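*Asks:* Next up is a structure, given as structure tokens.
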Amino acid sequence: MSKTNILTVQIEKQLRWISSVIKDTGRQLLTEYNMTPPQFVALQWISEKNGATIGELSQYMFFPFSTTSDLVDRIEERRFVKRAKDEKDKRVVRLFLLPKGLEAIHAVILKRQEYLEKKFEDFTNSEFQAFQLGLDKLYKEIQKDF
């Protein structure tokens, strides 16, 4: 394995671990909202694709339709989302984020951001800028794939 490959393996592992820790930090709030991590992922996706169908959500989450439908039932009961019939095709049911769902997303993301801010306190300005530039470049390279 080349030196570049070894570094890539290390970077991938670090990014995966960092991502997991950041997610877990925000997920600590989910108990306050009586929500599971998969329910939160569904909320985030519905927020991104407001008006998505349960089928689309099912495909995104790689869950069977019945599992996704049950998940939506639970978050709808807690008034995080609502179902509404499509105006053009009444057979189609769409999912829409409600204010309580948006509040939950914002609270979790804010907790993640506060955690990161504390971790960046020990960075010098130049370290922080270099990190941000490198991360921005990686982000842009990955965006080219989508």
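Bear in mind these aren't lab numbers, they're just calculated from the coordinates by the rules spelled out. What you see is a predicted model; the values in this text were computed from it and never measured. No Cβ is skipped: glycine too gets one built from the backbone with ideal geometry, and neighbour counts run over all protein chains shown.
*Asks:* Can you figure out the FRET efficiency of L138 with R91, using R₀ = 30 Å and their beta-carbon distance, to the nearest 0.05?
*Replies:* 0.10
*Asks:* Right, another one. Starting with the highest mean, order 129-140, 60-71 by the number of other Cβ atoms within 10 Å, averaged over the residues of each peptide.
*Replies:* With the highest mean Cβ count within 10 Å placed first, the list reads 60-71, 129-140.
*Asks:* Also, quick follow-up: Students often forget the sequence filter, so: which lysines lie under 18 Å Cα-Cα from K90 once same-chain residues fewer than 8 apart are removed?
*Replies:* K82
*Asks:* Convert each backbone phi in segment 33-39 into a coupling constant with the Karplus relation 6.51 cos²θ - 1.76 cosθ + 1.60 (shift: θ = phi - 60°), then list the ³J(HN,Hα) values in order as whole Hz, x for Gly and Pro.
*Replies:* Here the 3J(HN,Hα) series is 9, 6, 9, 8, x, x, 5 Hz.
*Asks:* Sticking with this structure for a sec: Using only the Cα atoms of segment 2-76, what semi-axes does the equivalent ellipsoid have when each is the square root of 5 times a gyration tensor eigenvalue? Give whole Å, largest first.
*Replies:* 31, 17, 10
*Asks:* Considering the Cα trace of segment 2-45, what is its radius of gyration and what is Dmax, both in angstroms?
*Replies:* For segment 2-45, the Cα radius of gyration and maximum Cα-Cα distance read 15.0, 47 Å.
*Asks:* Per DSSP H run of at least 4 residues, take -39500 (n - 2.57); add these up for the chain, divide by its residues and hand me the 222 nm value, nearest 500 deg cm²/dmol.
*Replies:* Value at 222 nm, helices only: -22500 deg cm²/dmol.
*Asks:* Counting Lys and Arg as +1 and Asp and Glu as -1, what is the net charge of the other residues whose Cβ lies under 14 Å from the Cβ of E77?
*Replies:* +3
*Asks:* Could you name the lysines whose alpha carbon sits less than 28 Å from that of K119, not counting residues in the same chain fewer than 8 places away?
*Replies:* K13, K23, K111, K137, K140
*Asks:* On to the next question. What are the extents of the Cα atoms of segment 3-143 along their three principal axes, listed from largest to smallest and rounded to whole Å?
*Replies:* Here the Cα extents, ordered largest to smallest, are 55, 32, 24 Å.
*Asks:* Whats the longest run of the chain with zero GluC sites (Glu not before Pro) that are DSSP loop and have at most 14 other Cβ atoms within 10 Å?
*Replies:* 1-86
*Asks:* Something else: Rounded to the nearest 0.05, what FRET efficiency do F131 and L30 give with R0 = 25 Å and r taken as the Cβ-Cβ distance? Could you check?
*Replies:* My answer for the efficiency is 0.30.
*Asks:* Same structure, new question: At 7 Å along the Cα-to-beta-carbon direction for both Q14 and D122, put a label point, then send me their distance in nm to one decimal.
*Replies:* According to this spin-label approximation, the distance is 1.4 nm.
*Asks:* Hey, another quick one. Can you list residues from other chains, or at least 5 along the same chain, whose modelled amide H is less than 5 Å from the amide H of V81?
*Replies:* E76, L98
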